[in-house]
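Only one structure is covered here, and it is reproduced in the block below.
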Amino acid sequence: MSGAGRSSARRREALACYGFIMPAILFLALMAVGPIIASFVISFTYWDVMTPPQWIGLENYREMFFHDPLFWKSLWNTLYFTAFIVPLGTIVPFLVAMLLNSRIRGMPIYRTCFYLPSIVPVVAGSVLWLWILNPDFGLFNAVLGVFGIEGPLWMYSPKWSKPAIILMTLWGMAGGPNMLIYLAGLQGVPRSLYEAADMDGARWFTRVWNITIPMMSPYFLFTLVMGFIQAFQVFTQAYVMTTRGDGGPIDSTLFYVLYLYHKAFRQFEMGYASAMAWVLFVVILIITGIQFKLLGKRVHYG
Amino acid sequence: MYPFPRPFLFSLGILAVMAAVLIGCSERKPDEGITILRMATWASDSGFELERAIITSFEQANPDIRIELIYTPYDYYTEKLLTLSVSGDPPDVFWTITETLPYLASRGVAMDLTDKVANDPEIDTALYFPNALSLCSYGDRLYAMPRDVACFFTVYNKNIFDEAGVPYPEPGWTWDDFLETGKRLTLDENGDGRNERFAMTPYLMDVIYQNGGQILGEDGTVAWLNSPETVGALDWWSDTILEHGICPRAQEQQGFGGDLFVTERAAMTFQGPWMIGWYDEQCDFDWDIVGFPGGKAGPKARLLGLPIAISPKTEHPEEAYRLLKFLTYSQEAQTLQAELGIAMPARRDIADSEAFRGQDVMPPGIVHFIDAMQNDTVVENVFPFYSPVKKAYQSMMDTVNLGEMSPQEAGDHYQTQVEREIAKARRRGLL
Amino acid sequence: MRTKPAPELVRDPVAPAEIVRRILIHLVLLSGAVVFLFPLIWMLSTSLKPPDEIFSIPPKLIPSTFVWENYTKRVFEIVPYGRHYLNSIIIVSISVFANVLTAAMCAYGFARLRAPGRDWIFGVFLATMMLPPQVMMIPLFIGFQKIGWINTWKPLIVPAFLSGGAFNVFLLRQFFMTIPRDLEEAGLIDGCGRITIFARIIVPLSRPALVTIAIFSFMYHWNDFLTPLIYLHDQDKYTLSLSLNLFKGMYISRTPWGPLMAASVMMVAPVIALFFAVQRHFVEGITLTGLKG
């Protein structure tokens, strides 16, 4: 084949390639890069969409950091949620995966039982748990009552509303995608490693600690990184489980994205909401960077 | 071997075509000579049917107009209305929540009706209840017309009063009378420190008006959250809950289930006329109505109502105005809505007639309610930036109700928050 | 490459300690399964209860009479649930189809075709996985507003034709890379175009991965709440997730819990049915497309 022929074949292949990946290129331009730049610009304006935007420089950021108690409250609520749901959402699915990795009869049925809650749509899960946690006639407090415990007010108490949402979220997570990922990972741990350990008479716990967990570290890194990103975006539970979706009682479930939603689509402060989105973006970037830095070295790539 | 069975692909294809057809059909194609008006409401269920009945009578009188009702739940009403307006496809006529009217007006979502109404020889605004038009105005311009008006009042369970040997509340009763009555009605039968019966269901609304307060001053530049009137009112209110226990705290409602008044676990409740039909259906006991107990400013009640507005973007302003006038002013619609038990008409001549107060469900005390509507209503001072202000006020009430802060502390705390909102509104040109 | 699990070992005679261990595991798993499933069972039970039993204290698990009306009538009276159901089916079918088709196209391009800047584009594309969607939400809303798409299904459906995001493409690309190149080259020599190769060779060989993507995509669109919440405003256009939220009344004690739970059951049912139908492919798809690849 001549040189010219080869290069024209190459050009044809390149054209075909761009053709095939066109949706991804459009996605990048229209749904990612473009909007990010736009949102950065909008964050310096006061804009309610109905009247023309006003350029107000850094005022949204100043307002957010120095004058808006609800911004800090929503950040605190989100950190509270994250601080519980990320570790719990890592450990509990891992324990479930370990259990489901045993070789015993009926395992497919067990796996299905644990997996089902995670495919329940969050809206359906939220109304269900709103009902189960109802202090007047809910199931949960009735069960606690059997043991002589007076259950809390859950979604009606600023102290218990976040735990209620954590509980509900954990129910959906314990057997969910994280568990599947761990299960896939556990099945990939070579048995020869365990057999070597067995000969040493290593106890179960030492075996898990020294073999399973290091072998699973890339999976943990992945679920932790994704877990943080998702935890910061908690929205639907709080929107559905509170009156008018306002994040009550006393703003105790006003999570970051819920507040952002209020600002954007209730008060129509697009500039302020964009500034909030950018802060969220930066926070997530920093946390993800820290995780890679701290954990990346310890991850054992098999 | 395809990844999906062919029938599956086939059905997907069919659905795609269906969707295309549906999307295509959703473009409205009106018949010749008929104007279609879209009206947004939050009336649902049975309420929707009743609204439909009024609309039908309008359509019969105006065969050239057809009305499409758009329903949005009350909780999400304003955000959906604003988004529809932003999208360039607003409803021609729409109900409004009074607290949001100034915002809608300032953003150009509601049409200025001042001149139109003033120049309309058929309309005599003196026929409305006092203050009803202020509810529809911002600044000195009129942006809506009132269809219903109402205020809260006291509903009491006569059986419990008789049983406790307490005289019924009478018009002109005061906060002191309320407290005295309340203490005698509260009951802890088994002495476990938890009341089995309360004097009152949880309430928080109108006390600040009865004490001469408001959330914001008249021109919106001053916040009154820590004013002596507001704090005094909250002090009194929180004492009835936290000290005297005549009204349950948030924690104490647990295990009760259902409406406390209907299940006779509370002897009184503050409610509005829209509950009368439901109480008539649900209550197995005798009950009646009396006005609010009076504070130092008298038995003041916040005027509530249903203003209806027109979009400035409507393509049919004349037809929209005809509908608006029919709903809010015409003898026919106002009488019909009274008779259907939907709400109290904004026209006092009709509210004070047999059509409204003569209905079977009405207790004799309904006259006290009409009295209060004539003499004791207050209009909340509302501004375009009111939504975060009202939210701060709610949080303040919740904080006090849960005993987390004293009224003075809560007042001071939320005062600064609201003052910042005022300053911000100034910078943004909302004030 | 990951090491394959060792083949099942020859069974030893079971020691008593092993039997105790197995019984213990069964007990733990069984109680766990009950705890996890109970809320769903409770949902089903509430959906069939007459109104007065819904609030009974102590709660009853099995209704005294089964109120099928909640399913056959009440649900449809309270909100236009049938309409919402149909809306969801239409929107989700198109979106899933669009996602799978375009994600597979992109994955094929990234996995097999060379072009300048391809890997760079892929890297940036992958990085978008870490972007919180809220950052894009507002400009997208304003953009859709400018072209008059608010209160239509277009903002829900049209973006689905842009591959549905990096995660789908990544999983598929991993899978496509395991398909031997010889097959394609044979096709090329036979004079087939790239599209023919893609449609006749790659797609048929990737069934498990495509099914996995389809399920992820189905669950995403079926469950999505925020997007319809922002864009749909006429009740006639609502999807199921918005529909459920409509049931919540202004007063919690007046929320029609029975019909609401019936509506929830009907929303959950297709997801569970789908899960059972494709369970085998699903697990296969995940394990084959593991992280390290």
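The values are calculated or read from the model by the stated rules, or taken from the named source; none is laboratory data. What you see is a predicted model, and the numbers here were worked out from it, not measured in a lab. FYI the Cβ positions are ideal-geometry reconstructions off the backbone, even for glycines, and counts take in every protein chain you see.
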Please verify whether the range A:290-298 includes one or more residues that are more than 7 Å from every other protein chain (Cβ to nearest Cβ), in a helix (DSSP H, G or I), of a type in the set (S, T, N, Q) and within 30 Å of A:Met216 (Cα to Cα).
-> yes
Options B:Thr314, B:Thr328; residue that is over 30 Å from B:Val207 (Cβ atoms) and crowded, with 20+ Cβ neighbours inside 10 Å = B:Thr328
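From the list C:Gly258, C:Gly187, C:Gly193, which residue is farther than 23 Å from A:Ile119 by Cβ and surrounded by 22 or more Cβ atoms within 10 Å (Cβ to Cβ)?
On the way: C:Gly187 fails: surrounded by 22 or more Cβ atoms within 10 Å (Cβ to Cβ); C:Gly193 fails: surrounded by 22 or more Cβ atoms within 10 Å (Cβ to Cβ).
Testing whether each residue is farther than 23 Å from A:Ile119 by Cβ and surrounded by 22 or more Cβ atoms within 10 Å (Cβ to Cβ) leaves just C:Gly258.
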The correct count of residues that are without any contact (Cβ under 8 Å) to a residue 12 or more places away in the chain, within 14 Å of chain B (Cβ to nearest Cβ) and farther than 25 Å from C:Phe216 by Cβ in the range C:137-163 is 7
Restricting attention to the range A:198-218, does a residue exist that is facing another protein chain (nearest Cβ under 10 Å) and either in contact (Cβ under 8 Å) with a residue 24 or more places away in the chain or β-branched (Val, Ile, Thr) (or both)?
-> yes
Have a look at A:Leu144, A:Leu180, A:Leu170, A:Leu130 and point out the one that is surrounded by fewer than 20 Cβ atoms within 10 Å (Cβ to Cβ) and either in contact (Cβ under 8 Å) with a residue 60 or more places away in the chain or at the interface with chain C (Cβ under 10 Å from one of its Cβ atoms) (or both).
-> A:Leu170
Can you pull out the residues in the range B:79-105 that are at pLDDT 85 or above and among the polar types (S, T, N, Q)?
-> B:Thr96, B:Thr98, B:Thr100
Residue list for the range B:93-108, restricted to those being surrounded by 21 or more Cβ atoms within 10 Å (Cβ to Cβ) and within 14 Å of chain C (Cβ to nearest Cβ) | B:Phe94
What helices (runs of 4 or more DSSP H), lying completely within the range B:154-215, carry at least 1 residues that are small (Gly, Ala, Ser) and within 25 Å of B:Asp376 (Cα to Cα)?
-> B:175-185
Check the range A:71-94 and report whether any residue there is touching a Ser or Thr at 6+ places or on another chain (Cβ under 8 Å) and either at positive phi or within 7 Å of another protein chain (Cβ to nearest Cβ) (or both).
-> no
Restricting attention to the range C:251-288, and to residues there that are over 18 Å from the mean Cα position of the chain (by Cα) and at the interface with chain A (Cβ under 8 Å from one of its Cβ atoms), which single residue is modelled with the lowest pLDDT?
-> C:Ile252
Within the range C:164-222, residues being more than 14 Å from chain B (Cβ to nearest Cβ), part of a loop (DSSP other than H, G, I, E, B), under 29 Å from the mean Cα position of the chain (by Cα) and farther than 19 Å from A:Tyr18 by Cα number 1
Only listed residue being out of contact with any Phe, Trp or Tyr (no Cβ under 9 Å at 6 or more places or on another chain) and either outside the structural domain of C:Ser163 (by TED's automatic domain parsing) or farther than 30 Å from B:Glu79 by Cα (or both), chosen from C:Arg200, C:Arg207, C:Arg194 | C:Arg200
Flag if B:Leu336 is more than 14 Å from chain A (Cβ to nearest Cβ), farther than 25 Å from B:Pro299 by Cβ and either surrounded by 16 or more Cβ atoms within 10 Å (Cβ to Cβ) or of a type in the set (Asp, Glu) (or both) = yes
Residues of the range C:104-136 satisfying the condition of being free of Cβ contacts under 8 Å to residues at least 24 places away in the same chain, closer than 21 Å to A:Ala9 by Cα and not in a helix (DSSP H, G or I) | C:Arg114, C:Ala115, C:Pro116, C:Gly117
